1. Out of the residues in the stretch 168-203 that are surrounded by fewer than 17 Cβ atoms within 10 Å (Cβ to Cβ) and of a type outside the set (G, A, S), state the one that is modelled with the highest pLDDT.
2. Find all pairs meeting these conditions: Cβ atoms under 6 angstrom apart; at least six residues apart or on different chains; first residue within the stretch 37-54 and under 10 Å from L114 (Cβ atoms) and open to solvent by less than 50 Å² (accessible area, probe 1.4 Å); second residue outside any helix (DSSP H, G or I) and of a type in the set (V, I, T).
3. Please go through the stretch 42-86 and give me each residue that is at pLDDT below 90 and not in a helix (DSSP H, G or I), ordered by number.
4. From the list S216, S233, exactly one residue is at pLDDT below 95, assigned to a helix (DSSP H, G or I) and farther than 19 Å from F153 by Cβ. Which is it?
5. Of the conditions (1) more than 14 Å from the chain's Cα centre (by Cα); (2) over 29 Å from V105 (Cβ atoms); (3) modelled with pLDDT under 95; (4) not in a helix (DSSP H, G or I), R165 satisfies every one except a single condition; which number is it?
6. Consider the stretch 204-260. How many of its residues are open to solvent by 30 Å² or more (accessible area, probe 1.4 Å) and more than 21 Å from the chain's Cα centre (by Cα)?
7. Enumerate the pairs (first residue in the stretch 204-228 and farther than 20 Å from Q257 by Cα; second residue anywhere and part of a loop (DSSP other than H, G, I, E, B)) with beta-carbon separation below 6 Å, excluding pairs fewer than 6 apart on the same chain, so at least 6 apart or on different chains.
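The values are calculated or read from the model by the stated rules, or taken from the named source; none is laboratory data. Just so we're clear, the structure is a prediction, and the values are computed from it rather than from any experiment. Cβ placement follows ideal geometry from the backbone for every residue including glycine, while neighbour counts extend to all protein chains displayed. These area figures cover heavy atoms from the full protein model, side chains too; ligands, DNA and RNA do not enter into them. Shrake-Rupley method; radii C 1.70, N 1.55, O 1.52, S 1.80 Å.
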Amino acid sequence: MASTIGIVMMMMMMMVPLTCLASELSVDYYEHTCPHVDSIVAGAVHKATMNDKTVPSALLRMHFHDCFIRGKNKAEKDGPPNISLHAFYVIENAKKALEAICPGVVSCSDILALAARDAVTLSGGPSWEVPKGRKDGRISKAVETRQLPAPTFNISQLQQSFSQRGLSLEDLVALSGGHTLGFAHCSSFQNRIHKFSPKQGIDPSLNPSFANTLQSKCHIENKVKNAGSTLDSSATYFDNAYYKLLLGGKSILSSDQALLTHPTTKALVSKYADSQIEFERAFVKSMIKMSSIINGGQEIRLQCNLIR
């Protein structure tokens, strides 16, 4: 996910209740109505990735956002935490190709779920069967992107945000591993490297030399629009380096560091740092669980940036 990515709470009363209803979805949902959906979406993702190596992280982040809020059209994708989601065109291109052969059949939400899977696979990560059958939401407001967990969240806030969507601490740690792909703008972590507290300029949980590196990229009065840092040392390759760096005091976001402040999440960070296989197994399980959140969608959009 660079994305991050910010991602909560107070607006849940305004939302259709979100529960994990995987039984309403099926990996064979389009078997008879649009049997080539997987390959068409994969083709669009592959073409875009060949031209821009940042596409996979953007697609993964978009899917995360889509699962946490109501839909995706111009209002939502232009919300504050989503401004950097520059790869929306990939979803629109895939939708256009699908409309040409099976019009009005495949939802934008399903396209995004497939694209996120393909983004991980193309980056050297695992593949999995994506349950399909989502409908697209009819409500999408830029203000609702503020529900996304913020990069400054502590473990209690993260736990609350995820649990409101039926996701556990185990899901939180596994899905956070999506930060192995991605980039964070300076504004997402300035709080850790400048004026951390009245007595400390830098977050003491940061490795000092790493903190100095971040400061060199993000000056206290940063004016560079695209300044920032990759979220791990292999930002275009899907691996478990994120967890290793986290244990070494080289995490970027406060919300990443928060995973070490709870015994359950800290143990999982260590587990995934030790085993790429265990991380990938948990990531796939949590991705399927997250993507099975039902958002109350009612339609199949003909264009992903427009509500009918």
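1. Step one: of the stretch 168-203, the residues surrounded by fewer than 17 Cβ atoms within 10 Å (Cβ to Cβ) are 168, 170, 187, 191, 195, 197-201.
From what is left, the residues that are of a type outside the set (G, A, S) are 170, 191, 195, 198-200.
Working: E170: 98, N191: 93, K195: 90, P198: 90, K199: 90, Q200: 92.
Among those that are surrounded by fewer than 17 Cβ atoms within 10 Å (Cβ to Cβ) and of a type outside the set (G, A, S), it is E170.
2. If the second residue must be outside any helix (DSSP H, G or I) and of a type in the set (V, I, T), the pairs left are V37/V106.
3. Hits for the stretch 42-86 are I69, R70, G71, K72, N73, D78, G79, I83, S84, L85, H86.
4. Working: S233 fails: assigned to a helix (DSSP H, G or I).
That would be S216, the only listed residue that is at pLDDT below 95, assigned to a helix (DSSP H, G or I) and farther than 19 Å from F153 by Cβ.
5. (2)
6. 20
7. Within 6 Å, the pairs are I220/H194; A227/C218.
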